[in-house]
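> Please see the structure below; I have some questions.
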Amino acid sequence: MQLWIDDQPCDTAVQTIGEAIATGATVAEDGGRVIIEVVVDGDRWTDRELGDLDVCGGTATEVRLTSADMRVLVRETLGQCAVALEEAASLEAKAAEAIQADRTADAMADLGTAVELWLSVQAAVGKGCTMVGIDLGSVEVDGVAASACISALTDQLHMLRDALEVSDPIGLSDTLLYEMPDVHRRWQGMLDRLETLVVGQE
């Protein structure tokens, strides 16, 4: 089986597709890069194939891997996170208005999407910082630790969940209108700070 990384042949002997991918990931990581595409015998693999142990245990004629500089990738991801939070803020404002207008179903739909955005951003930030070796516990934004920004988000999401569970529209609306904007401000500042740190590594 022939393994290619960024159109360059890799002479390491591999027995399965999974071994080829793991080997390529290690080689890429050693060079400060991360695998972003896997093509097996001309077919681009998705998460479905990559997560199937039986498929990964098979063989192929060639496996071609494409990598990207992980610092560039993380910086781009942070920019996408900032856009996602702007969308979440808009949805939260709409949800608060819908609650006040007694349009509960509309509010729940918007709020559900906003929470999904928050969770995806939180996961992306954590993974990205791990990739480039940034310790969130040592990063400060306006004198506030980044870890405190994350804790504040967790607290507010819990408050939203509690308000939903007890059917407290007033508490839900107040959290969205008066608490979440500050969380957004802190997170946008944190994203800007993290992006600056990542750029400094490039």
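> Considering only DSSP beta bridges where both residues belong to the stretch 2-69, give the percentage that are antiparallel (nearest 5). Intermediate values should be presented prior to the final figure.
Numbers: 12 of 16 bridges.
Just about 75 percent of them are antiparallel.
> Compute the helix-to-body angle for 104-132: its Cα long axis versus the longest principal axis of the chain, expressed 0 to 90° and rounded to tens.
Computed tilt is about 40 degrees.
> Under 15 Å from a label point 7 Å along Cα→Cβ of Glu29: give me every residue in the stretch 163-202 with its amide N that close.
none
> In addition: Within the chain, what percent of beta bridges assigned by DSSP are antiparallel, to the nearest 5? Please report the intermediate quantities before stating the final value.
Numbers: 14 of 18 bridges.
For the chain, the DSSP antiparallel bridge percentage is about 80.
> To continue, here is another question. First select every other residue whose beta carbon is under 12 angstrom from the beta carbon of Thr61; then total the charges, Lys and Arg +1, Asp and Glu -1. Walk me through the intermediate numbers first.
On the way: positive: Arg64; negative: Asp41, Asp43, Glu62.
Cβ neighbours under 12 Å give a net charge of -2.
> Please give the helix 146-165 orientation as an angle from the longest Cα principal axis of the chain, in degrees from 0 to 90, rounded to the nearest 10.
Helix 146-165 sits roughly 60 degrees off the main axis of the chain.
> Given the DSSP H assignment, sum -39500 (n - 2.57) over each helix run of at least 4 residues in the chain and divide by its residue total; what's the result at 222 nm in deg cm²/dmol, nearest 500? Present the calculation step by step, with values, prior to reporting the outcome.
Working: 8 runs with 130 residues, N = 202.
-21500 deg cm²/dmol, from helical runs alone.
> At 0.36 nm per residue, minus the direct Cα-Cα distance, what do Gln2 and Thr104 gain on full extension? Give it in nm, one decimal, please. Walk me through the intermediate numbers first.
Working: separation 102, 0.36 × 102 = 36.72 nm, distance 5.70 nm.
Net length gain for the segment: 31.0 nm.
> Run the simple label-point estimate for Glu62 and Arg185 please: 7 Å along Cα→C-beta, distance reported in nm.
In this crude label model, Glu62 to Arg185 measures out at 5.6 nm.
> Separate question: Relative to the longest principal Cα axis of the chain, at what angle does helix 70-100 sit, 0 to 90 degrees, rounded to 10?
It is inclined by approximately 30 degrees.
Coordinate-derived values only; no laboratory data. Owing to the predicted nature of the structure, the values given are computational and were not obtained by experimental measurement. Quick reminder, even Gly has a Cβ in these numbers, built from the backbone with ideal geometry, and neighbours come from all protein chains shown.
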